[in-house]
Amino acid sequence: MHVPYRGDNPALADLVAGHIPMQFAEPTPVLPLLRGGKVRALGLSAPTRMPTAPEIAPLAEVGLPGFDFVSWQMIVAPTGTPRDIIDKLHVELKAVLELPDIKAEFVRTGRISVGYPSVDELKRFMESEIVRLGRVVEQAGIARSQ
């Protein structure tokens, strides 16, 4: 049974309290709970191991071949933003993400950088994910909640 929550932290509180039996969670809030023995990892939804927790096997390795369901974030701008502004922001954000402190924080919090694809590659990726995940929703018969 799917139980909707408004974020990982309320769901993790219910998981730790025993109100729900399992959860798909982001690494950042769950890693301290794993390290503290409050929760147990059953598997990683990414196709490869996470550098900060290499002991957690990807689900694809433990019986669900091809399983690849990760969250991703990108910074976006309003439609109509001039391309030269988009390109400038892209260059500046790449520079920030290369700062040693930022890179170290990514590692510490279990985030995996996928490098710095071009603006056009990011757009194609986002469009392909909408199609891919749309198929998952259709095949699973998941209805949109109101």
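Residues in segment 53-61 include at least one that is over 29 Å from Glu121 (Cα atoms) and acidic (Asp, Glu). Within segment 1-27, the set of residues being surrounded by 15 or more Cβ atoms within 10 Å (Cβ to Cβ), more than 19 Å from Phe67 (Cα to Cα) and under 15 Å from the mean Cα position of the chain (by Cα) comprises just one member, Asp8.
Determine, yes or no, whether Ala95 is surrounded by 12 or more Cβ atoms within 10 Å (Cβ to Cβ) and more than 14 Å from the chain's Cα centre (by Cα). Against the criterion (surrounded by 12 or more Cβ atoms within 10 Å (Cβ to Cβ) and more than 14 Å from the chain's Cα centre (by Cα)), Ala95 does not qualify.
Tell me, please, whether a residue that is surrounded by 13 or more Cβ atoms within 10 Å (Cβ to Cβ) and on the phi > 0 side of the Ramachandran plot can be found in segment 101-116. Yes: one or more hits.
The sole residue among Val30, Val39 that is in the same structural domain as Gly18 (by TED's automatic domain parsing), in a loop (DSSP other than H, G, I, E, B), under 22 Å from Ala11 (Cα atoms) and of a type in the set (A, V, I, L, M, F, W, C) is Val39.
The values are calculated or read from the model by the stated rules, or taken from the named source; none is laboratory data. Please read these numbers as outputs of a predicted model, since none were measured by experiment. Counting neighbours? That spans all protein chains shown, and the Cβs are built from the backbone with ideal geometry, glycine included.
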